[in-house]
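Note sheet for the following structure.
A short reminder: the numbers here are calculations on the coordinates, not readings from a lab. The structure presented is a predicted model; accordingly, all values stated were derived computationally and were not measured. FYI the Cβ positions are ideal-geometry reconstructions off the backbone, even for glycines, and counts take in every protein chain you see.
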Amino acid sequence: MNLRITLVALVSLGLASISALAQMGGGRMGGRMGNGGGRMVRGTVIETSSDQLTVKTDSGDIYQVMVQPTTRVRKEQDTLQVSDIQTGDVIAAMGAVDASNKIVNAVFISVTGQIGKTYIAGKVTAINGTKLTVLRQDNVSQVVQVDENTSFHRGGAMMGGQRGGPGAGADPGSGSGSLGPSITLADVKVGDMIAGPGALQDGIFVPTQLIVHGPAAQGGRNPNENGSGAGPTGITGEPK
């Protein structure tokens, strides 16, 4: 009897943990979700209204996230209202995705960070040593400083309009997709789309991980395109 009770408790605990991870944006979420075969789209909020959010994904696609009265919104352990979401917030919207029309009928929204503070996403416009100038998804230019702890990856598998993203359990900029092969700072070019989590240090954003989406996905990089400090490589991705 004691063994049976213990097994039931362990199973219940495991299911509860999986549910909590899904609600909090934790765990790596790739492919279809178990909740009604839905998918997840992650990106930066660029416009808000009472029943709709406009989101720009890491690869530059624009999605409309439709909000229903039953849509749940959370930030870590806290339950929020849709009105609490602001432009610049990084969110993961889960639900039925119409990829052709770029619409998400959201069942659940997880607020996972703030652009420029806990997450960076945008287009590299200049490279100066270990500093990257990034035109963020909200059209603000920001200089980020990479260091010896910053890891670089090519964009991995895409789901719901994204070509990969950082592992959801690791940092606030969590999202769907898988990490691609490791690369280095020398592989990053001006014109690449980058995205990843990090934090402000003395007022400068320092990423812990950067996913690089490069022009190679559209038939190869322009050989005349050059960024200072960047070396030759073909980086897969879907730039805009």
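Quick notes on this structure:
- Label-point separation, Asp51 to Thr79 (7 Å along Cα→Cβ), nm: 2.3
- Count Lys and Arg as plus one, Asp and Glu as minus one, and take only other residues whose Cβ is under 12 Å from that of Gln201; the net charge is then -1.
- Structural descriptor for the stretch 81-148: relative contact order 22 percent, calculated from alpha carbon pairs under 8 angstrom and at least 6 residues apart.
- Sorting the segments 86-96, 130-140 by their mean number of nearby beta carbons within 10 angstrom, highest to lowest, gives 86-96, 130-140.
- Taking a straight line from the alpha carbon of Lys75, these aspartates and glutamates sit under 15 Å away, with near neighbours fewer than eight places off in the same chain left out: Asp84, Asp89, Asp171.
- Taking a straight Cα-Cα cut-off under 27 Å and skipping sequence neighbours fewer than 8 places away in the same chain, the lysines within cross-link reach of Lys131 are Lys56, Lys117, Lys123, Lys189, Lys240.
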